[in-house]
Amino acid sequence: MPRTPIGSSPRSPERLVGLLVDPGPHVLPGMLGILEAGAGFVPLDPRHPEERLAFALADCGVRVLVTEAAYRPAAERLRQRVAGLEHVVDLDALFADGPGPDGAGDAGDQPAAVDPDQLAYVIFTSGSTGQPKGVGISHRNLAPMLAWGLAYFRLGAHSRVLQTLSPWFDFGVFEQLTTALAGGTLYVLPAAERGDPLRAAAAVAAEGLNTVHATPTYVREMARAGADLSGVEILHLGGEALSPEQIAELWAAFGERTVIYNGYGPTETTINTTIFNLGSRAEPRLGNRASVPIGRPSADHRVYVLDRHGRPLPQGVPGELYVGGPLVCRGYLGRPALTAERFLPDPFGEHPGGRLYRTGDRVRFDAGGELIFLGRLDHQVKLRGLRIELGEIEALLRRHPRVAEAVVQVRSLNGDAQLVAWLTSRDGEGVADGELRSFLAEQLPAYMVPSAFVHLPQMPTSSTGKIDLRALPEPRLERTGAGDGKAAASPREEAIARLWAETLRCERVGRHDDFFALGGHSLLAAHLVARLRQETGLEIPLRKLFEAPTVAAMAAEIERLEEAAEAPVPPLEPVPRDDAAGMPLSFAQERLWILDRLEPGTTAYNMPAALRLRGELDLPSLGRAITALAGRHQSLRTTFASRAGRPRQFVRPPAPVALPAVDLRPLPAARRQRVAAGLIDGFVRPFDLARGPLIRFRLVRLDDGEHLLLFDVHHIVCDGWSYGLLTRELAALYNAFRAGRPSPLRPLPVQYPDYAAWQRRFVSGARRQRQLDYWHRQLGDSPARLELPADRPRAAIHRFRGGQRQLRLPAALGTRLEALGQQHGMTLFMVMLAALKVLLSRLAGQDDVAVGTPIANRDRAAVLELIGILLNTLVLRTDVGGGPTFVELAERVQRVALDAYAHQDVPFEHLLDVLQPERDLSRTPLFQVFFNMLNLPPVELDLSGLAVEPLSAPEQPAKFDLTIYAKHDDDALQLTATYNADLFDAERIDELLAQYAGLLEQVVADPLRPIADYDLRTAGAERRLPDPRRPLPPAPPQPPV
């Protein structure tokens, strides 16, 4: 460097020099010259607007700007514009003067002495406020990173490095300085070829290059050039997430011995924080992982996965990544408030004054101790209550033979969040949207298919080589359907199309657009049918939407229903109260009341929950919220008593709800947890239906910032749908009261006693008889029992003693099952129920299989926000015989399910009264196996200022011989079995779940196979199951009946 006064400024006590050059041969001399002069460099992108460059120079207090001839005019304009910027150094002019006699600058020059805590460079990153923020990296931060890089990658004089990275990207600083320190060769492409991956790929072979540091996007383009890349020994990737599919593509393009590394690191923690060695094609190390890890700490970093309160999380549990150690930078230049927000005191460090950097990245440790990157905490994607992994959609799009690159984001279209995909094609011709939708629908659930596709000639990239998400053009959502786009042909079709669009939240719907192709699913279908019933006054069965899924077809169906209309459905509206005589019970309430009378003191129908609350709890607001919740819903203030031999329900007036509290703080910490566990176990006790209340709460204080909230409610006033309503409304009331606001909840149009009275009227007359006729035909001669192999004889009385086992299957299996259903016009529930019936038929040795399943019964708008037991049970009976293929059997199951949905208004309890099946106190009538597809929105209690953690509920009773719960989300396909522990051992249920899982795998692999050909054998079956020839042990003694 020439003898130019670098100096410092009041804004920055550091001596910082701007470096405004292209990513070419001037970068390294500029960096090294500035460092040797005792200053730190500030790399600047010449393509940035002058306003942004001026901001960075002023923010750093730069007095000297180093540039090259091409940017000398811009540098002079900046000198005139930025106060304090006094000197411009032109490297081209400097080098034209020639080196000194010793090959350096001035012969007498020596590198300036540098304090380790002095800044080596400042990198500007984007800021959420719209202004970039300078990240200052000191020599104490940088030196150990460079030393680690030399040793880890074994760089030396033999290293021939392809320059691909920009110096204003800290990964580019690593590329330049490690090569220089190793004494290696840095190959810089000619100016006209820089940034061209195809030219870079050609240079690898032509120049004998063996080391590449790059972003995945850049390297994938190199891999597609078809050049000989076999000479590359080190492929060090960073800056973007990697997928196993991308790794496979790179291994195929590079040499057999090319070792791939996946690096991760925020600028604030000095270039690289963690790294994972993926190995080579010859010796791969990824294994069967579904995600590419970001690995373990590099250099002297320390990494922690913490919860919202800064506490370490165990292996496998997602949390935020925090980074500590000497490579964490001092903070943001001139931004003390922002620095204090992101850089926190290190409670885990060995040295006082240490700090942790909050990355904002969501990660978890896998079973091998490697970190898995899960995305940004502030960019988790959630649509319609469902979490969506955008990378999964992107990876699948890239598998389309004509798609080169794909990016999927959530954008607001017409005021609603929608998935949007941006694509480039391999042939430049583009791919039709309908073809892409069909391609995705084969392997993804409908809610993961983007609503809009934007076709680009190439992806926009930032100066760092990454895809520039902010430069992606805004999509225009003209329509989301795959039909012909024709508009509605009549006022009725217009009205139906409006409901379609409102339910699916899209701009407009064509008359031939398919509801399910637009992203509709069973819950949305129920909402839509409820709206159609409200608009038309007709009793429209849910199955009609499956049979007539387009606007035109539904309009025609409604016209037919009007022509054959029966007496109108009685309106669901408030009815007069008789406080003295009480109100009638619904059919479901009546059955539970009878069961309670037959077995007083049972807890089989309790619905308990326990939550851990961490943070500052506003106890008065919580008590007020509980009282307001009970005041809002009459069902939570109801008791039951007999009048003139008939059960009646009585609603008490609103009153404060007790919230008893137990303070365990005086106890030693270890004993507190034991006592708390005992309180949870002892909290579940019988309810007195006559005295009430039928919901109870208890608060356990463990510490100043930690509580347990226990609550329990009887099933006679609550069901699964209501449980979600209860928690969401409790949170809404608490948050409002804590903030000093009134209740945000709108008044309810009806209360549960109104629904019970309406139900009694609704199931009378011709409609009742027509639906009962169906159930007589369907279940009149149904077998009374389904005998599964058991480990003990059946007790004379069902005692509800339950056990529970779980099996977690890959989410991809659920996706494939869902796609199979979509191909044949059926839901995931129907496919999984058909597979379960195959299993039950084989285990029980009978072709006539009846299974119970719940239906929310929320098909009227007035009851969508009502807490109470509206749940109904449907008995789905299917003939499995005749040697059908799986698809044929699934079609039988679908017909039975749709018929049942059309006749769902007969309560199960009323059906038992009419059919009078054989009663047996040891088992439930009509069915003994229950299947529940959990597709309700997840229950999340979001309490302001509190972290809420659900705790395991006490052991659940077994209402049936076997209940199978299935839940499919982006994490897994989860199977849970609740079983009668008096009949079965846990090992037998584990085997049954394994058989079910194996059957599901075979079904998606070959759905046209006869069901008798599927193999139910599993590994270890003979070892786990008892010898079938061994006699069963004697039955335990039974209490008198």
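When ALA299 is tested against (1) touching a residue at least 60 places away in the same chain (Cβ under 8 Å); (2) closer than 20 Å to LEU374 by Cα; (3) buried (at least 17 other Cβ atoms within 10 Å of the Cβ), exactly one condition is not met: (2). Mind counting the residues in region 307-324 that are buried (at least 23 other Cβ atoms within 10 Å of the Cβ) and either on the phi > 0 side of the Ramachandran plot or β-branched (Val, Ile, Thr) (or both)? Selection size over region 307-324: 1.
Residues GLY369, GLY391, GLY428, GLY375: which one is more than 23 Å from GLY265 (Cβ to Cβ) and at pLDDT below 90? Quick ask: steps written out before the conclusion?
Values: GLY369 fails: more than 23 Å from GLY265 (Cβ to Cβ); GLY391 fails: more than 23 Å from GLY265 (Cβ to Cβ); GLY375 fails: more than 23 Å from GLY265 (Cβ to Cβ).
It is GLY428.
The number of residues in region 182-208 being basic (Lys, Arg) and part of a helix (DSSP H, G or I) comes to 1.
Which is crowded, with 17+ Cβ neighbours inside 10 Å, modelled with pLDDT under 95, among the hydroxyl-bearing types (Ser, Thr, Tyr) and more than 25 Å from VAL161 (Cα to Cα), of SER280, SER291? Please lay out each step first, then the result.
On the way: SER280 fails: more than 25 Å from VAL161 (Cα to Cα).
Among SER280, SER291, only SER291 is crowded, with 17+ Cβ neighbours inside 10 Å, modelled with pLDDT under 95, among the hydroxyl-bearing types (Ser, Thr, Tyr) and more than 25 Å from VAL161 (Cα to Cα).
Inside region 587-623, can you point out the residues that are over 30 Å from ALA739 (Cα atoms) and of a type in the set (Ser, Thr, Tyr)? Of everything in region 587-623, those that are over 30 Å from ALA739 (Cα atoms) and of a type in the set (Ser, Thr, Tyr) turn out to be THR602, THR603, TYR605. Kindly check whether there is at least one residue in region 302-321 that is more than 30 Å from GLY945 (Cβ to Cβ) and either modelled with pLDDT of 90 or more or not polar (S, T, N, Q) (or both). Scanning region 302-321, I find no residue that is more than 30 Å from GLY945 (Cβ to Cβ) and either modelled with pLDDT of 90 or more or not polar (S, T, N, Q) (or both), so the answer is no.
When you look at PRO266, is it at pLDDT 85 or above and farther than 22 Å from TRP168 by Cβ, yes or no? It is false that PRO266 is at pLDDT 85 or above and farther than 22 Å from TRP168 by Cβ.
Answer yes or no as to whether ARG685 is closer than 27 Å to GLU599 by Cα, out of contact with any helix residue (DSSP H, G or I) (no Cβ under 7 Å at 6 or more places or on another chain), part of a loop (DSSP other than H, G, I, E, B) and in contact (Cβ under 8 Å) with a residue 60 or more places away in the chain. So ARG685 fits the description; yes.
Conditions (1) assigned to a helix (DSSP H, G or I); (2) under 35 Å from the mean Cα position of the chain (by Cα); (3) not basic (Lys, Arg), marked per residue:
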site	(1), (2), (3)
LEU708	no, yes, yes
ASP712	no, yes, yes
ALA731	yes, yes, yes
ASN735	yes, yes, yes
ARG741	no, yes, no
PRO749	no, yes, yes
ARG761	yes, no, no
ASP773	yes, no, yes
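Taking every residue in region 793-818 that is under 22 Å from MET933 (Cα atoms) and in a strand (DSSP E or B) and pairing it with any residue that is among the hydroxyl-bearing types (Ser, Thr, Tyr) and at pLDDT 90 or above, at least 6 positions away or on another chain, the pairs with Cβ-Cβ distances below 6 Å are GLY802/THR978; GLY803/TYR979; GLN804/THR978; GLN806/THR976.
Taking the conditions exactly as written (closer than 20 Å to LEU702 by Cβ, at pLDDT below 90 and surrounded by 18 or more Cβ atoms within 10 Å (Cβ to Cβ)), does ALA604 satisfy them or not? So ALA604 does not fit the description; no.
Inside region 854-879, can you point out the residues that are modelled with pLDDT of 85 or more and in contact with a Gly (Cβ under 9 Å, 6 or more places away or on another chain)? Across region 854-879, the qualifying residues are PRO854, LEU871, THR873, LEU874, VAL875, LEU876.
Of the residues PRO666, PRO654, PRO620, the single one that is out of contact with any His (no Cβ under 7 Å at 6 or more places or on another chain), farther than 20 Å from LEU699 by Cα and either surrounded by fewer than 19 Cβ atoms within 10 Å (Cβ to Cβ) or not assigned by TED's automatic domain parsing to the domain that holds LEU699 (or both) is PRO654.
Considered as a group, the residues in region 540-556 that are surrounded by 18 or more Cβ atoms within 10 Å (Cβ to Cβ) and not aliphatic (A, V, I, L, M) include one that is farthest from PHE762 (Cα to Cα), and that residue is THR550.
Take PRO570 and decide whether it is touching a helix residue (DSSP H, G or I) at 6+ places or on another chain (Cβ under 7 Å), in a loop (DSSP other than H, G, I, E, B), modelled with pLDDT under 80 and over 24 Å from ALA489 (Cα atoms).
Against the criterion (touching a helix residue (DSSP H, G or I) at 6+ places or on another chain (Cβ under 7 Å), in a loop (DSSP other than H, G, I, E, B), modelled with pLDDT under 80 and over 24 Å from ALA489 (Cα atoms)), PRO570 qualifies.
Could you tell me whether region 733-751 includes any residue that is of a type in the set (A, V, I, L, M, F, W, C), closer than 30 Å to THR853 by Cα and modelled with pLDDT of 90 or more? Yes; the residues of region 733-751 include at least one that is of a type in the set (A, V, I, L, M, F, W, C), closer than 30 Å to THR853 by Cα and modelled with pLDDT of 90 or more. Step by step: first the residues of region 30-55, then only those that are of a type in the set (Gly, Ala, Ser) and crowded, with 24+ Cβ neighbours inside 10 Å, then the one that is farthest from VAL173 (Cα to Cα). Which residue is that? Applying the filter and picking the extreme gives ALA39.
When PHE587 is tested against (1) modelled with pLDDT of 90 or more; (2) touching a helix residue (DSSP H, G or I) at 6+ places or on another chain (Cβ under 8 Å), just one condition goes unmet, and that condition is (1). Once region 325-339 is narrowed to residues that are in contact (Cβ under 8 Å) with a residue 60 or more places away in the chain and of a type in the set (A, V, I, L, M), the residue that is surrounded by the fewest Cβ atoms within 10 Å (Cβ to Cβ) is LEU338.
Within region 684-705, the residues that satisfy the criterion of being surrounded by fewer than 20 Cβ atoms within 10 Å (Cβ to Cβ) and over 25 Å from PRO653 (Cα atoms) are VAL684, ARG701, ASP703, ASP704, GLY705. Scoring GLU268 on the criteria (1) crowded, with 19+ Cβ neighbours inside 10 Å; (2) charged (D, E, K, R); (3) part of a strand (DSSP E or B) leaves a single failure, condition (3).
Conditions tested, residue by residue: (1) closer than 24 Å to ALA658 by Cβ; (2) β-branched (Val, Ile, Thr); (3) touching a strand residue (DSSP E or B) at 6+ places or on another chain (Cβ under 6 Å).
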position: VAL713; (1), (2), (3): yes, yes, yes
position: ASN735; (1), (2), (3): yes, no, no
position: SER743; (1), (2), (3): yes, no, no
position: ARG746; (1), (2), (3): no, no, no
position: PRO749; (1), (2), (3): no, no, no
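The residues of region 925-940 include none that are at pLDDT below 85 and over 30 Å from ARG728 (Cβ atoms).
Taking region 214-253 as the range and being farther than 25 Å from ASP170 by Cα and touching a helix residue (DSSP H, G or I) at 6+ places or on another chain (Cβ under 7 Å) as the test, the residues that pass are ALA225, ALA227, ASP228, LEU229, GLY231, GLU245, GLU249, ALA253.
Taken over region 754-813, the criterion of being touching a strand residue (DSSP E or B) at 6+ places or on another chain (Cβ under 9 Å), of a type in the set (Lys, Arg) and modelled with pLDDT under 90 is satisfied by ARG794, ARG799, ARG801.
For region 412-423, taking the residues that are more than 15 Å from ILE393 (Cα to Cα) and in a strand (DSSP E or B), the one that is modelled with the highest pLDDT is identified as SER412.
The values are calculated or read from the model by the stated rules, or taken from the named source; none is laboratory data. Keep in mind it's a predicted model, so treat the numbers as computed, not measured. When we count neighbours, we look across all protein chains shown, and the Cβ atoms used for this are built from the backbone with ideal geometry, even at glycine.
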